[in-house]
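Read through the structure below, which is laid out as structure tokens, and then see the notes.
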Amino acid sequence: MPAISPQFETLRYAVENGIATVTLHRPEKLNAFTDTMMQEIITALDTTDADDDVRCVVFTGAGRAFCAGADLSSGAKSFNYDERHDADVDTVHRDSGGLVALRIFRSLKPVIGAVNGAAVGIGMTMQLPMDIRLASTHARFGFVFGRRGITPEAASSWFLSRVVGTSAALEWCCTGRVFDADEALTRGLVRSVHAPEDLLPAAYALAREIADNVAPVSAAISRQMIWRMAGASHPMEAHRLDSRAVQSRGRSRDAAEGVSAFLEKRHARFPDRVSTDMPDFFDWRNEPPFL
């Protein structure tokens, strides 16, 4: 059964033909990030994970921006957690961008970012755990934290260098400059650049390729394996995980159907579901404790 679509204040959520679209929707504020948006993105991904009709998730923004960073309406104390939470200075608060990034990281459905406009600060770092990013020619990117007197967040000190390499990561974070879609493409931050009217069709075409051809459980396991092994200290760790995954999938109904469909030259109809048929040899939602 499909999950019931939640109602949101800062997002728009829709599912059509196996593709969920999550649109950041504060266009009058350039989709600036708030704690409410954080909670709603997490809820949206809980919904997509639970809905077997969803095969892929596309994130985009309403209006002129993808997300122009954190909402700074609190003024000088916008990033002062001690004042905002009336807490002891020694209390370490979990960064809200990190909660979003880690939830995207844990997603059991492939995630595509369709970056339609400005994406700076958290608007940029929340994209890093997305699997594929496409950009409009109107997109602009920036790791502007140093220019605001703070540091990168949303676990980007882990993700960014894995996506684009250490040199590009350090240049962008140390300069804090805003750069265009062509530079993002050249340095591997995005897969492709499109005219504004072609961006979502291109993202949906890619999502459609995933939704129509790949076993949902295989897609879920594959994205988790690749992301989690990005931090492995030796390929033997990947070999152990690969071996268990291939053995588990090899005896599944999906594997029998996939091979039969190939031999019979027909489209595969994969029966296994992410909600019920994920293998139990690995805790896919496991996360180290915060402190």
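The values are calculated or read from the model by the stated rules, or taken from the named source; none is laboratory data. Note that the coordinates shown come from a computational prediction; the quantities given were computed from them, not determined experimentally. Note that we place each Cβ from the backbone using ideal geometry, even for glycine, and neighbour counts take in every protein chain shown.
Observations
- Of the criteria (1) assigned by TED's automatic domain parsing to the domain that holds Thr166; (2) in contact with a Leu (Cβ under 6 Å, 6 or more places away or on another chain); (3) within 25 Å of Phe270 (Cα to Cα), which one Ser192 fails: (3)
- The one condition in (1) outside any strand (DSSP E or B); (2) of a type in the set (A, V, I, L, M); (3) within 24 Å of Leu199 (Cα to Cα) that Met38 fails to fulfil: (3)
- Taken over the stretch 172-186, the criterion of being at negative phi and more than 19 Å from the chain's Cα centre (by Cα) is satisfied by Trp172, Cys173, Cys174, Thr175, Arg177, Val178, Phe179, Asp180, Asp182, Glu183, Thr186.
- Enumeration of residues in the stretch 151-188 that are surrounded by fewer than 15 Cβ atoms within 10 Å (Cβ to Cβ) and of a type in the set (A, V, I, L, M, F, W, C): Leu170, Cys174
- Any hit, the stretch 60-81, residues being under 30 Å from Val217 (Cβ atoms), in the same structural domain as Asp182 (by TED's automatic domain parsing), among the aromatic types (Phe, Trp, Tyr) and at pLDDT 75 or above: no
- In the set Val144, Val115, only one residue is out of contact with any Ser or Thr (no Cβ under 6 Å at 6 or more places or on another chain), buried (at least 23 other Cβ atoms within 10 Å of the Cβ), farther than 23 Å from Ser222 by Cβ and not polar (S, T, N, Q); that residue is Val115.
- Lone qualifier among Ala232, Ala195, Ala255, Ala261 - being free of Cβ contacts under 8 Å to residues at least 12 places away in the same chain, surrounded by fewer than 16 Cβ atoms within 10 Å (Cβ to Cβ) and closer than 29 Å to Asn17 by Cβ: Ala261
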